[in-house]
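Participant: Let me give you the structure first, and then I'll get to my questions.
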Amino acid sequence: MDEELFDVVDEHDEIIDQQPRSIVHAQGLRHRAAHVLVFNEAGQAFLQLRSQTKDNHPGVWDNACSGHVDAGESYAVAAERELMEEIGLLVDTPLEELFKLEACPENGMEFVTVFMTEAEGPFELNPEEIDAGRWASPSEIQAALQTEPEQYSPTFRMIWERLSV
């Protein structure tokens, strides 16, 4: 399989180059990612336990899905693609865009656009990406982030901090 190609961006999230994933990560170049929060009718968020085989942050809890934006792809298209690839969720309405995080060392130099949707599941978890999934209330998540923050990905922690402000 060919290596993924990413848009390299400047400090304003403007495309300045394209490079393979390995180079982008090895050189700490700014690039793009999409994260999707999935809530059910009860107000719980679906969390995924990142696979132990992931090269970044294996074995920690994260948003329902997240992934890189491929070269030439929009944030919204990447978010919908990742939903299908990771949890088998096909959305029939556009995702709600919540906010954007600036690229920084804490989030792997990724500009992250955060989206939200509602779904009840059950989901088809991709075993190459996800070891487990669970529903959690926002209060459960907040409590866990206080007592065991290392059990959650750095970007997840940044997103939840921004949500709770």
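The values are calculated or read from the model by the stated rules, or taken from the named source; none is laboratory data. Because the structure is predicted, anything quoted here is derived from the model rather than measured. Positions of Cβ are backbone-derived with ideal geometry, glycine not excepted, and every protein chain shown enters the neighbour counts. When the accessible area is computed, the model is the full protein with side chains, heavy atoms only, and any ligands, DNA or RNA have been set aside. Shrake-Rupley method; radii C 1.70, N 1.55, O 1.52, S 1.80 Å.
Participant: Considering the options F111, L95, F123, tell which one lies farthest towards the positive end of the dipole of segment 86-128, charges being +1 on Lys and Arg and -1 on Asp and Glu at the Cβ, about the Cα centre.
Facilitator: F111
Participant: Given a 1.4 Å probe and heavy atoms of the protein chains only, how would you sort R162, R21, R134, largest accessible area at the top? List each step's numbers first, then the result.
Facilitator: Working: R162 110, R21 55, R134 80 Å².
If we order R162, R21, R134 from most to least accessible, we get R162, R134, R21.
Participant: Using a probe of 1.4 angstrom, how much of the accessible area of segment 9-163 is carbon and sulfur, in percent?
Facilitator: Working: 3760 of 7750 Å².
It is 48 percent, rounded to a whole number.
Participant: Roughly how many debye, to the nearest 20, is the charge dipole of segment 3-92 about its Cα centre, given +1 on each Lys and Arg Cβ, -1 on each Asp and Glu Cβ, and no other charges? Don't skip to the end; give the middle numbers.
Facilitator: On the way: 6 positive and 18 negative charges, 79 e Å.
In debye, rounded to 20, segment 3-92 gives about 380.
Participant: Counting each DSSP H run of 4 or more residues in the chain as -39500 (n - 2.57), what helix-only mean residue ellipticity at 222 nm follows after dividing by all residues, to the nearest 500 deg cm²/dmol? If you can, show how the numbers build up before the last one.
Facilitator: On the way: 4 runs with 40 residues, N = 165.
It comes out at -7000 deg cm²/dmol, rounded to the nearest 500.
Participant: Follow-up. So what's the angle, to the nearest 10 degrees on a 0 to 90 scale, between helix 75-87 and the longest Cα principal axis of the chain?
Facilitator: Tilt relative to the chain: about 50 degrees.
Participant: Determine how large the accessible area of R157 is when every protein chain is in place; take a 1.4 Å probe and give Å² rounded to the nearest 10.
Facilitator: Answer for R157: close to 80 Å² accessible.
Participant: I want the local charge near R162. Using Cβ-Cβ distances under 14 Å, sum +1 for each Lys or Arg and -1 for each Asp or Glu among the other residues.
Facilitator: On the way: positive: K100, R157; negative: E97, E102, E106, E161.
In short, -2.
Participant: Further, regarding this structure: Roughly what % of DSSP beta bridges within the chain run antiparallel, to the nearest 5? Don't jump to the answer; show the numbers that get you there.
Facilitator: Numbers: 24 of 34 bridges.
Among the beta bridges of the chain, antiparallel pairing accounts for roughly 70 percent.
Participant: So how tilted is helix 154-163 from the main axis of the chain? Cα-based, degrees 0 to 90, rounded to 10.
Facilitator: Helix 154-163 sits at roughly 60 degrees to that axis.
Participant: Rank A136, P149, Q27 by how far each Cα sits towards the positive end of the charge dipole of segment 6-158 (+1 on Lys, Arg Cβ; -1 on Asp, Glu Cβ) and give me just the farthest.
Facilitator: P149
Participant: Now a separate question. For the chain, what does the accessible surface come to per residue with a 1.4 Å probe? Please give it in Å². It would help to have the intermediate numbers written out before the result.
Facilitator: Working: 8580 Å² over 165 residues.
Dividing the accessible area of the chain by its residue count gives 52 Å².
Participant: Turning to a different aspect of this structure: Compute log10 of I(q)/I(0) for segment 4-68 with the Debye formula, placing one identical point scatterer on every Cα and leaving out solvent, at q = 0.14, 0.17, 0.24 Å⁻¹, to two decimals.
Facilitator: Rounded to two decimals, the profile gives -0.55, -0.73, -1.01.
Participant: Under a GNM of the chain (C-alpha, springs under 10 Å), which listed residue has the highest mean-square fluctuation: G133, G43, G108?
Facilitator: G43
Participant: Also, quick follow-up: Report the Stokes-Einstein translational diffusion coefficient (µm² s⁻¹, integer) for segment 84-133, Rh taken as the Kirkwood radius over Cα pairs, at 37 °C with viscosity 0.692 mPa s. Kindly include the intermediate steps, with their values, before the conclusion.
Facilitator: Numbers: Rh = 12.9 Å.
For these conditions, the coefficient is 254 µm²/s.
Participant: Could you give the distance between the Cα centres of segment 64-122 and segment 43-59, to the whole Å?
Facilitator: So the separation of the two Cα centres works out to 14 Å.
Participant: Please work out which option in (1) 16.7; (2) 16.0; (3) 17.4 gives Kirkwood radius over Cα pairs in Å calculated from these coordinates, and answer with its label.
Facilitator: (2)
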